[in-house]
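Novice: Before anything else, here's the structure in question.
The values are calculated or read from the model by the stated rules, or taken from the named source; none is laboratory data. Bear in mind that the values here come from a model prediction, so they are computed numbers and not experimental data. Backbone-built Cβ (ideal geometry, glycine too); neighbour counts: all protein chains shown. Ligands, DNA and RNA are excluded from the accessible area calculation, which covers all protein heavy atoms including side chains. Shrake-Rupley method; radii C 1.70, N 1.55, O 1.52, S 1.80 Å.
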Amino acid sequence: MPLTHPSSGHHSRRRHTSVNPIFTREPVGIPKDQFPADQLDADTAYQVVHDELMLDGNARLNLATFVSTWMEPQAQVLMAECFDKNMIDKDEYPATAELERRCVSMLAHLWHAPPAAAATGCSTTGSSEACMLAGLALKRQWQARQTGSGGRPNIVMGANVQVCWDKFANYWDVEPRLVPMDGDRLHLTAEEAVKYCDENTIGVVAILGSTFDGSYEPVADICAALDDLQENTGWNIPVHVDGASGAMIAPFCDPELEWDFRLDRVASINTSGHKYGLVYPGVGWVVWRDAAALPDNLVFRVNYLGGEMPTFALNFSRPGAQVAAQYYNFIRLGFDGYRRVQQTCRDVATRLAASIGELGPFELITHGDQLPVFAFTLRSDVTRYSVFDVSAALREDGWLVPAYTFPENREDLAALRVVVRNGFSHDLADRFLEDVARALARLEKQSSPARGDEAASFDHGGTRANTA
Ligand SMILES: *Cc1c(COP(=O)(O)O)cnc(C)c1O
């Protein structure tokens with residue numbers, strides 16, 4: 001008998017997960033936190049893990065995440081075919097490497113990189129790694145233009161940045177200059193950005209769009225203000241656009257909006273292939289304007305498994321499947337297919353936002369007309385329940401809708417946010433709206449006193465936790 005029976009084991013019962021995987025067998029006990037001494041047969045192990053995972057939420061009802069929860073079966077087949085390919089082994093898997101190169105080139109073109117420039121960029125595990133690489137390039141570029149004053153480098157961004165930028169600043173010893181929100185200003189503006197810049201500013205991060213409310217930051221205005229600043233001071237401060245979501249929305253839905261390499265000051269752009277790039281996690285992309293924007297001394301030439309390959313990455317080994325899946329989506333959907341998918345998301349988001357606004361108790365912060373994402377709060381005269389109660393009530397119907405407070409200076413603002421992704425149809429949106437209305441009716445009936453202050457004492461795991 002290879003397994004420890006729960007009643008005979010000398011470990012405490014609580015340290016065992018007692019399972020009866022093939023339902024007619026004797027129950028078996030498997031230590032939860034230590035290596036089991038012996039093996040299980042594959043069917044039993046599969047059933048154990050499968051059953052544990054049943055307790056995860058239903059990904060399609062998760063309105064919190066930006067990350068893809070649906071791909072076509074053909075893409076899944078391709079991914080399964082590539083599970084054994086390591087992205088770093090470009091010499092062994094030159095075809096996978098070629099698909100990565102094509103994706104970088106397609107994105108550089110989509111984002112209007114100068115046509116004469118060689119497309120410069122790479123895939124990553126996600127936007128977080130992409131932002132680290134872009135930030136490092138900004139830091140190196142700043143070091144190269146240093147004339148000896150030797151100040152500490154800083155990076156200017158809105159307090160609404162995703163946590164990866166706090167990490168970047170922390171890990172690479174750059175002072176984060178977070179421009180606080182103020183009143184109705186819930187993201188970075190040009191006027192505020194330049195106030196925080198000086199000769200040691202390695203760059204300004206503009207977000208397309210904000211994870212807090214889905215709004216686009218005014219990239220063109222920020223660039224123009226930095227042009228003026230350069231005229232007055234001589235400081236030439238580049239802009240990085242964090243387009244984790246929006247860099248795969250704006251090109252298709254807002255082709256007139258100038259936020260990308262059409263603006264001379266934009267040095268680099270990142271996106272998450274696994275958000276509106278429509279690929280399962282995890283893949284991200286970072287593209288520089290041209291080869292000159294990526295300091296050569298950051299690029300390693302690895303001579304490891306045959307051939308010499310340039311690489312700029314934090315990881316070494318990395319799955320190749322996501323890159324193949326990204327290329328699949330690019331050629332499967334084409335420009336018009338992406339436009340249709342993203343426009344549908346936006347149509348669902350704007351219609352659902354408007355309907356939520358009409359329910360009565362809610363006030364919209366954004367309307368879903370930039371990212372297909374909107375945030376809403378409770379009107380100030382609603383005191384019987386909080387947004388956290390609404391979030392909890394919706395969970396009873398299986399919907400995951402995060403409630404969170406805004407960052408410093410607007411911590412008083414507690415909101416709910418809905419992210420509309422490919423696969424969240426008008427039909428599902430209607431079902432969701434019905435469930436919201438029913439949840440409100442339940443909450444209205446509860447006779448508990450005002451809970452206005454409760455938000456402040458809630459442990460939400462920090463305001464940034466909601467932004468995956
Ligand atoms: C999601 C997100 C990130 C982090 O991206 P990952 O792909 O999850 O690593 C960074 N910035 C913004 C604006 C985001 O929305």
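Novice: Quick check on Glu92: is it in the same structural domain as Val283 (by TED's automatic domain parsing), open to solvent by 20 Å² or more (accessible area, probe 1.4 Å), within 19 Å of Val286 (Cα to Cα) and at pLDDT below 95?
Specialist: no
Novice: Are any residues in segment 364-380 of a type in the set (Ser, Thr, Tyr) and touching a Leu at 6+ places or on another chain (Cβ under 9 Å), and if so, which ones?
Specialist: Thr366, Thr377
Novice: Here are some residues: Ala349, Ala354. Which one is open to solvent by less than 30 Å² (accessible area, probe 1.4 Å), among the aliphatic types (A, V, I, L, M) and modelled with pLDDT of 95 or more?
Specialist: Just one listed residue meets the conditions, Ala349.
Novice: Within segment 186-195, is even one residue in a loop (DSSP other than H, G, I, E, B) and away from the ligand (no atom under 13 Å from the Cβ)?
Specialist: The answer is yes; a qualifying residue exists.
Novice: Is one or more of the residues making up segment 401-422 basic (Lys, Arg) and touching a strand residue (DSSP E or B) at 6+ places or on another chain (Cβ under 6 Å)?
Specialist: Among the residues of segment 401-422, at least one is basic (Lys, Arg) and touching a strand residue (DSSP E or B) at 6+ places or on another chain (Cβ under 6 Å), which makes the answer yes.
Novice: Which residues, taken from segment 256-268, are among the small types (Gly, Ala, Ser) and either surrounded by fewer than 24 Cβ atoms within 10 Å (Cβ to Cβ) or within 13 Å of the ligand (Cβ to nearest atom) (or both)?
Specialist: If the condition is that a residue be among the small types (Gly, Ala, Ser) and either surrounded by fewer than 24 Cβ atoms within 10 Å (Cβ to Cβ) or within 13 Å of the ligand (Cβ to nearest atom) (or both), then Ala267 is the only one that fits.
Novice: Tally up the residues in segment 230-255 that are away from the ligand (no atom under 14 Å from the Cβ) and either farther than 22 Å from Trp142 by Cβ or surrounded by fewer than 21 Cβ atoms within 10 Å (Cβ to Cβ) (or both), please.
Specialist: Total satisfying the criteria: 12.
Novice: Could you say whether any residue in segment 395-413 is in a loop (DSSP other than H, G, I, E, B), buried (at least 21 other Cβ atoms within 10 Å of the Cβ) and of a type in the set (D, E, K, R)?
Specialist: Scanning segment 395-413 turns up at least one residue that is in a loop (DSSP other than H, G, I, E, B), buried (at least 21 other Cβ atoms within 10 Å of the Cβ) and of a type in the set (D, E, K, R).
Novice: Hey, another quick one. Can you find, within segment 330-346, the residue that is farthest from Ala429 (Cα to Cα) among those that are free of Cβ contacts under 8 Å to residues at least 60 places away in the same chain and among the charged types (D, E, K, R)?
Specialist: Of everything passing the filter in segment 330-346, Asp336 is farthest from Ala429 (Cα to Cα).
Novice: Let me ask something else about it. For segment 269-325, which residues satisfy the criterion of being more than 16 Å from the ligand (Cβ to nearest atom) and of a type in the set (Ser, Thr, Tyr)?
Specialist: Correct list: Tyr304, Thr311, Ser317.
Novice: Another question about this same structure. On the given criteria, is Ser245 under 18 Å from Val373 (Cα atoms) and in contact (Cβ under 8 Å) with a residue 12 or more places away in the chain?
Specialist: Against the criterion (under 18 Å from Val373 (Cα atoms) and in contact (Cβ under 8 Å) with a residue 12 or more places away in the chain), Ser245 qualifies.
Novice: Would you be able to say whether some residue in segment 420-443 is crowded, with 21+ Cβ neighbours inside 10 Å and assigned to a strand (DSSP E or B)?
Specialist: Among the residues of segment 420-443, not one is crowded, with 21+ Cβ neighbours inside 10 Å and assigned to a strand (DSSP E or B), which makes the answer no.
Novice: Where in segment 59-171 are there helices (runs of 4 or more DSSP H), lying fully within it, with 2 or more residues that are away from the ligand (no atom under 15 Å from the Cβ)?
Specialist: 73-81, 94-110, 127-145
Here's the yes/no breakdown for (1) touching a residue at least 24 places away in the same chain (Cβ under 8 Å); (2) open to solvent by 10 Å² or more (accessible area, probe 1.4 Å):
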position	(1), (2)
Lys167	yes, yes
Asp173	no, yes
Ala193	yes, no
Asn200	yes, yes
Val204	yes, no
Ala220	yes, yes
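Residue-wise test of (1) assigned to a loop (DSSP other than H, G, I, E, B); (2) more than 26 Å from Arg339 (Cβ to Cβ).
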residue: Ala225; (1), (2): no, yes
residue: Leu263; (1), (2): yes, no
residue: Thr271; (1), (2): no, no
residue: Tyr276; (1), (2): yes, no
residue: Gly282; (1), (2): yes, no
residue: Val287; (1), (2): no, no
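Novice: A follow-up question, please. When you go through Pro295, Pro281 one by one, which is the residue that is open to solvent by 20 Å² or more (accessible area, probe 1.4 Å) and not small (Gly, Ala, Ser)?
Specialist: Pro281 is the lone residue from the list that is open to solvent by 20 Å² or more (accessible area, probe 1.4 Å) and not small (Gly, Ala, Ser).
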